[in-house]
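Here the structure comes first, spelled out in structure tokens, and everything after it is commentary.
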Amino acid sequence: MSNVIADIRETLLPLYGKEEAMALTRIICCEMLGQSSVDFFLGKDIALSSNQKTFLQSILERLHDFEPIQYIQQQAPFCGKRFYVAPGVLIPRPETEELVQLVTERIPSDASVLDIGTGSGCIAISLSLALPDAIIVACDISEKALTIARINNERLQGKVSFFQTDILTYQPPTTETGMYDAIVSNPPYITIKEADSMAPNVLDYEPHEALFVPNDDPMLFYRKIGLLGLTMLKSDGLLAFEINQAYGQVVKELLVSQGYQDVQLMQDICHNDRFVFAKNTK
């Protein structure tokens, strides 16, 4: 293994463990310092300019403080694209890619879709790119998040319309009654008591308003969005949630109690309860 690769890996190993340290090393070398993947896996050394050495030192210092590599790169992969991310939006997760795929399979190609709590815009824009004839609308409480989402929409040539609102107090106008074929949301779902078990690169950097719900009301967003769906979804419209794996049955029972039909709890690729789908039959 080359000196530069070995030095990076050994610097990160005590902080991140073997597998993550190696993954970060590959990202630094191949995506940030310009080494080819072949040369990296062959262990060839990298000749760094003085500017690259300064750049590398800055990266390692930020990783030492557990800043997410995606914020350092200002990008995160999602559904085959690179989304711009920065503090103020959640970093897109692989599980959410599964949600996009599952929703795409369940709605018409010209569907009208509302994405609630869009963050970086990864769900809404990915749906727009997968379904170019669809009408996609997305909202968030954070103006900073919406600024980032609009940048992604422009860069990736999505066709998403955005608006700012607090969904917990949102009262849809009559023009939105029965407007959507689908409502999709990956809302805040981590209870505050779970914070102690979270990694510092999440807890110290990602926006808490996009992560946490009160300990005494983990269903806060699901309940509100479920009620909105009864008004805003078309008959037989789809409600699609990403969920906290600890509350799969609870979310399912909530939607049944609200009058939804064909409520399905599904697992992600890691076999954790992760998605709930339901149909509005009113």
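The values are calculated or read from the model by the stated rules, or taken from the named source; none is laboratory data. None of the values given here were measured: they were computed from a predicted structure. Please note: Cβ atoms are built from the backbone with ideal geometry, for glycine as well, and neighbour counts cover all protein chains shown. The protein model used for the area step is the full one, side chains on, heavy atoms only, and it has no ligands, DNA or RNA in it. Shrake-Rupley method; radii C 1.70, N 1.55, O 1.52, S 1.80 Å.
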Q.
Once ligands and nucleic acids are excluded and a 1.4 Å probe is used, how much of residue 169 is accessible, expressed in Å² to the nearest 10?
A. 90 Å²
**Q.** Cα gyration tensor shape of the range 1-124, rounded if a/c is under 1.5, else prolate or oblate by comparing a/b with b/c
**A.** prolate
Q) From the residues 48, 103, 89, which one has its Cα farthest along the dipole of the chain in the positive direction, the dipole being from +1 and -1 charges on Cβ of Lys/Arg and Asp/Glu about the Cα centre? A) 103
Q) What part of the accessible area of the range 236-282, given as a whole %, is carbon or sulfur when the probe is 1.4 angstrom? A) 48 percent
Q: Go ahead and estimate [θ] at 222 nm for the chain from helices alone: -39,500 (n - 2.57) per DSSP H run with n ≥ 4, summed, over the residue count, rounded to 500.
A: -11500 deg cm²/dmol
(Q) Principal axis extents for the range 69-200, Cα atoms only, whole Å, descending order, please. (A) 42, 33, 26
Q) What relative contact order, as a whole-number percentage, does the range 134-282 give when Cα pairs under 8 Å and 6 or more residues apart are counted? A) 21 percent
Q) Fully extended, how many nm does the chain gain between residue 163 and residue 10 (0.36 nm per residue separation, minus their Cα-Cα distance)? A) 50.5 nm
**Q.** Solvent-accessible area per residue, Å², over the range 8-118 with all protein chains present [probe radius 1.4 Å]
**A.** 49 Å²
Q. Around residue 162, which amide H atoms from residues at least 5 apart in sequence, or from another chain, sit under 5 Å from its own amide H, with H modelled in the peptide plane?
A. 138
Q: Assign one of three labels to the range 213-282, namely rounded, prolate or oblate, based on the Cα gyration tensor with a ≥ b ≥ c the square roots of its eigenvalues; rounded applies when a/c is under 1.5, prolate when it is not and a/b is larger than b/c, and oblate otherwise.
A: oblate
**Q.** Highest-fluctuation residue, 35, 264, 70 considered, GNM on the chain with Cα pairs under 10 Å
**A.** 35
Q) What residues from the range 85-125 fall in the zone where the backbone N is under 15 Å from a label point 7 Å along the Cα-to-C-beta line of residue 264? A) 98-108
Q) Over the chain, what is the relative contact order in whole percent, taking alpha-carbon pairs under 8 Å and six or more residues apart? A) 14 percent
**Q.** Rounded to whole Hz, the Karplus (6.51, -1.76, 1.60) HN-Hα couplings of the range 139-149, x for glycine and proline
**A.** 9, 7, 7, 9, 5, 5, 4, 5, 4, 5, 4
Q. Which percent of the accessible area of the range 91-202 is formed by carbon and sulfur heavy atoms (probe 1.4 angstrom)?
A. 52 percent
Q. Using alpha carbons only, how many degrees (0 to 90, rounded to 10) separate the axis of helix 220-232 from the longest principal axis of the chain?
A. 50 degrees
Q) Can you work out the base-10 log of I(q)/I(0) for the chain at q = 0.07, 0.15 1/Å, using the Debye formula on its C-alpha atoms alone? A) -0.30, -1.12
**Q.** Overall form of the range 150-282 per C-alpha gyration tensor (a/c, 1.5; a/b vs b/c)
**A.** oblate
Q.
Only bridges whose two residues both fall in the range 77-223 count here: according to DSSP, what percent of them are antiparallel, nearest 5?
A. 10 percent
Q. Rounded to the nearest 5, what % of the DSSP beta bridges within the chain are antiparallel ones?
A. 40 percent
**Q.** Cα centroid of the range 245-280 to Cα centroid of the range 137-204, whole Å
**A.** 20 Å
Q | Angle in degrees between helix 248-257 and the longest Cα principal axis of the chain, rounded to the nearest 10 | A | 20 degrees
Q: Calculate how steeply helix 50-64 sits against the longest principal axis of the alpha-carbon atoms of the chain, using the helix alpha-carbon long axis, and give the answer as 0 to 90 degrees to the nearest 10.
A: 50 degrees
Q: List the relative contact order of the range 29-106 as a percent without decimals, with contacts defined as Cα pairs under 8 Å and 6+ residues apart.
A: 16 percent
Q | Modelled FRET efficiency - R0 30 Å, residue 58 with residue 154, Cβ distances, 0.05 increments | A | 0.60
Q) Rounded to the nearest 20 Debye, what is the dipole magnitude of the chain about its Cα centre when Lys and Arg each give +1 and Asp and Glu each give -1 at the C-beta? A) 440 debye
Q: May I ask you to give the percent of accessible area on the range 18-63 that is carbon plus sulfur, with a probe radius of 1.4 Å?
A: 52 percent
